[in-house]
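To start, the structure itself, in structure tokens.
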Amino acid sequence: MTSKSLEAPNWKFLGLQSADLSIAVLSVLYLVGIVGILLPIHPDFILLTPLNLLVSVGLVLWYHGEWQRKTVLYLLIAYLAGFGAELFGVQTGLLFGDYAYGRVLGPKIWGTPLMIGVNWLMLGYCAGILSNTLLGQRSFWLRGTLAALMMVGLDVMIEPVAMAYGFWSWEGDVVPLQNYLGWLAVAWPLEVLFAYWHPARRNKVAVALFCLQIIFFAALLIF
């Protein structure tokens with residue numbers, strides 16, 4: 001059963017398509033984020049990260065298009081799998097290695113921020129959409145594998161930035177190879193499932209957001 005999605009706002013009177021305006025808004029948000037963290041504008045500016053994540057996810061999902069039950073189910077699975085993996089990882093050190101979260105991502109349960117599940121959901125969705133865009137009608141196994149590898153590649157950029165700005169910390173200040181293998185182990189089934197359930201899904205706001213994530217962490221890493 002399908003249900004018609006909410007109609008996105010019409011910004012044509014400004015000479016812009018609504019998706020283009022959302023991409024512009026996200027671009028400004030991430031630019032402000034880069035400047036605000038690097039200057040810094042305020043010592044607690046980085047604590048706005050959870051709000052930025054929620055706005056990002058909201059704008060991306062607004063342009064998902066026609067919603068189906070399996071889309072809602074996928075988002076729920078992605079959140080629970082991501083949060084559950086992180087919770088297990090923090091408590092045991094068996095999945096990603098020995099690490100602990102700081103205060104940047106907000107409230108925690110058993111040492112694990114509730115927002116980390118939102119981050120997995122967001123990155124999983126955006127990577128899946130980008131893989132669909134790049135590979136078209138290729139098999140869901142291939143599209144899912146590419147999406148998972150893109151997520152791991154992004155995490156390579158995220159880790160040193162996250163350590164430097166207090167998102168989380170690693171024992172000995174060293175990111176183990178185990179972390180990236182753990183990311184792949186969690187991301188791969190999620191991305192294969194996304195590719196199987198959403199073979200033709202496109203969303204240019206999601207593609208833009210994944211690219212903005214790369215730019216954001218690259219800028220913080222370089223500067």
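Since every read-out is calculated from the coordinates, none of them should be taken as a lab result. All values derive from a computational prediction rather than experimental measurement. Quick reminder, even Gly has a Cβ in these numbers, built from the backbone with ideal geometry, and neighbours come from all protein chains shown.
Between Leu149 and Ile109, what is the label-to-label distance in nm when each label sits 7 Å out along the Cα-to-Cβ direction?
Going by the 7 Å Cα→Cβ label model, 3.5 nm.
Extent of region 50-167 along each principal axis, from alpha carbon coordinates, in Å, largest to smallest?
40, 25, 23
Extension gain Met157-Ile215, at 0.36 nm per residue separation less the Cα-Cα distance, in nm?
19.9 nm
Can you work out the base-10 log of I(q)/I(0) for region 149-223 at q = 0.11, 0.12, 0.19 1/Å, using the Debye formula on its C-alpha atoms alone?
The Cα Debye sum returns log10 ratios of -0.35, -0.42, -0.92.
If we count every other residue with Cβ under 15 angstrom of Gln137's Cβ, Lys/Arg +1 and Asp/Glu -1, where does the sum land?
So the surrounding residues net to +4.
Please give, to one decimal in nm, the separation of the simple spin-label points placed at Phe45 and Gln178, each 7 Å out from Cα toward the Cβ.
With each label point 7 Å from Cα toward Cβ, the separation is 3.6 nm.
Starting from 0.36 nm per residue, how many nanometres of slack lie between Tyr165 and Lys204 once their C-alpha separation is accounted for?
11.1 nm
How high is the relative contact order of the chain, in percent, with contacts defined as C-alpha pairs under 8 Å that are six or more residues apart?
Here the relative contact order equals 27 percent.
Averaging over all projection directions, find the projected area of the Cα convex hull of the chain and quote it in nm² with one decimal place.
Its Cα hull, projected and averaged over all orientations, spans 12.9 nm².
With an 8 Å Cα cut-off and a minimum separation of 6 or more residues, compute the relative contact order for region 91-185 in percent.
41 percent
How big is D for region 48-109, in µm² s⁻¹ as a whole number, if Stokes-Einstein is applied with the Kirkwood radius of its Cα pairs at 25 °C and 0.890 mPa s?
179 µm²/s
About the Cα centre of the chain, what is the dipole size in debye to 20, counting +1 per Lys and Arg Cβ and -1 per Asp and Glu Cβ, all else neutral?
That gives the chain a dipole magnitude of about 820 debye.
Sort 89-100, 118-129, 31-42 by packing, meaning the average of other beta carbons within 10 Å per residue, with the highest value first.
Highest mean packing first, the order is 118-129, 89-100, 31-42.
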